[in-house]
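The values are calculated or read from the model by the stated rules, or taken from the named source; none is laboratory data. None of the values given here were measured: they were computed from a predicted structure. Note that we place each Cβ from the backbone using ideal geometry, even for glycine, and neighbour counts take in every protein chain shown.
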Ligand code: PEP
């Protein structure tokens with residue numbers, strides 16, 4: 001069975017609650033595509049207003065981060081139960097900005113992935129290499145290591161439902177996109193790694209996104225690749241361009 005494409009916006013630290021509602025309303029008529037799952041991963045403070053603004057539309061709600069703990073004395077953190085109660089379905093885990101700026105390592109991210117599954121949230125697990133790693137020729141080794149570490153203890157049934165986002169760090173927010181062939185090579189290697197950890201059924205079911213300066217101009221070529229099942233979109237998610245990416249299969 002063909003995998004359904006999933007296009008997710010990562011709003012990062014952009015949009016106040018009132019700006020967020022405005023953006024949802026601007027994008028509403030542009031992001032209708034029955035062939036595609038559409039997700040807005042928004043700042044924590046925007047989750048409730050965006051949840052209200054997308055009611056009755058095809059858009060699903062996502063968070064950008066989540067605690068690995070259930071509840072209690074973790075000042076500033078947000079739990080899976082809080083996200084679920086607010087209508088969140090997806091949660092980005094291990095974005096390179098969290099790995100880099102906030103030193104989130106694979107053991108910590110593995111706990112978040114397990115917590116998301118325990119609670120019934122769908123993780124969008126990010127992985128990706130730096131420019132130095134790409135130039136040193138260790139991209140595929142690095143990605144395999146991230147995937148194997150972050151999925152410790154995850155069952156095949158759980159893995160089938162999740163999303164992995166391949167995001168080369170050198171392509172995020174830089175305007176430099178991986179070529180469709182470069183992106184396909186790594187997304188294919190991720191799928192092979194999943195087959196190695198689990199089985200071919202799981203590898204065929206899991207959805208793998210590309211992220212890194214995807215835009216209205218380059219999305220068609222990237223999304224035509226057999227192992228690229230969608231996109232995680234940063235900058236372009238805040239603009240009407242996002243609607244063009246969601247409708248990549250229409251002319
Ligand atoms: C991201 O941060 O997930 C991302 C892909 O950003 P951009 O599209 O701006 O490169």
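Restricting to segment 231-245, count the residues that are within 8 Å of residue 215 (Cα to Cα) and either surrounded by fewer than 19 Cβ atoms within 10 Å (Cβ to Cβ) or more than 9 Å from the ligand (Cβ to nearest atom) (or both).
The qualifying residues number 3.
Can we say residue 120 is within 16 Å of the ligand (Cβ to nearest atom), under 18 Å from the mean Cα position of the chain (by Cα) and either over 18 Å from residue 229 (Cβ atoms) or at pLDDT 95 or above (or both)?
Numbers: within 16 Å of the ligand (Cβ to nearest atom): no; under 18 Å from the mean Cα position of the chain (by Cα): yes; either over 18 Å from residue 229 (Cβ atoms) or at pLDDT 95 or above (or both): yes.
No.
Looking at segment 39-47, can you tell me whether even one residue there is surrounded by 19 or more Cβ atoms within 10 Å (Cβ to Cβ) and farther than 30 Å from residue 142 by Cβ? Talk me through it step by step, then tell me what you get.
As a first pass, look at segment 39-47 and keep what is surrounded by 19 or more Cβ atoms within 10 Å (Cβ to Cβ): 39-42, 46-47.
Within this subset, residues satisfying the condition of being farther than 30 Å from residue 142 by Cβ are 46-47.
Yes, some residue in segment 39-47 is surrounded by 19 or more Cβ atoms within 10 Å (Cβ to Cβ) and farther than 30 Å from residue 142 by Cβ.
Does at least one position in segment 129-140 carry a residue that is touching a strand residue (DSSP E or B) at 6+ places or on another chain (Cβ under 6 Å) and either surrounded by fewer than 20 Cβ atoms within 10 Å (Cβ to Cβ) or modelled with pLDDT of 95 or more (or both)?
No, segment 129-140 has no match at all.
Which of the residues that make up segment 219-246 are part of a loop (DSSP other than H, G, I, E, B) and either more than 30 Å from residue 16 (Cβ to Cβ) or out of contact with any helix residue (DSSP H, G or I) (no Cβ under 8 Å at 6 or more places or on another chain) (or both)? Step through it out loud before you land on a result.
So in segment 219-246, the residues part of a loop (DSSP other than H, G, I, E, B) come out as 224-229, 234, 239-240.
Selection gives 224, 225, 226, 227, 228, 229, 234, 239.
Would you check which residues across segment 89-117 are free of Cβ contacts under 8 Å to residues at least 40 places away in the same chain, over 17 Å from residue 152 (Cα atoms) and either within 16 Å of the ligand (Cβ to nearest atom) or assigned to a helix (DSSP H, G or I) (or both) and list them?
Those that are free of Cβ contacts under 8 Å to residues at least 40 places away in the same chain, over 17 Å from residue 152 (Cα atoms) and either within 16 Å of the ligand (Cβ to nearest atom) or assigned to a helix (DSSP H, G or I) (or both): 98, 99, 101, 102.
So for segment 181-204 (the condition being out of contact with any helix residue (DSSP H, G or I) (no Cβ under 7 Å at 6 or more places or on another chain), within 16 Å of the ligand (Cβ to nearest atom) and in a loop (DSSP other than H, G, I, E, B)), does at least one residue qualify?
no
What is the number of the single condition among (1) within 14 Å of the ligand (Cβ to nearest atom); (2) in a helix (DSSP H, G or I); (3) touching a strand residue (DSSP E or B) at 6+ places or on another chain (Cβ under 8 Å) that residue 147 does not meet?
(1)
Could you tell me whether any residue of segment 153-176 is away from the ligand (no atom under 16 Å from the Cβ), over 19 Å from residue 5 (Cα atoms) and buried (at least 17 other Cβ atoms within 10 Å of the Cβ)?
yes
Determine whether residue 3 is under 29 Å from residue 202 (Cα atoms) and in a loop (DSSP other than H, G, I, E, B).
When the stated conditions are applied, residue 3 passes them.
Any residue at all in segment 52-62 that is within 16 Å of the ligand (Cβ to nearest atom), more than 16 Å from the chain's Cα centre (by Cα) and touching a residue at least 12 places away in the same chain (Cβ under 8 Å)? Please lay out each step first, then the result.
From segment 52-62, those within 16 Å of the ligand (Cβ to nearest atom) are 62; that's our starting set.
After this cut, where a residue has to be more than 16 Å from the chain's Cα centre (by Cα) as well, the list is none.
Within segment 52-62, none of the residues are within 16 Å of the ligand (Cβ to nearest atom), more than 16 Å from the chain's Cα centre (by Cα) and touching a residue at least 12 places away in the same chain (Cβ under 8 Å).
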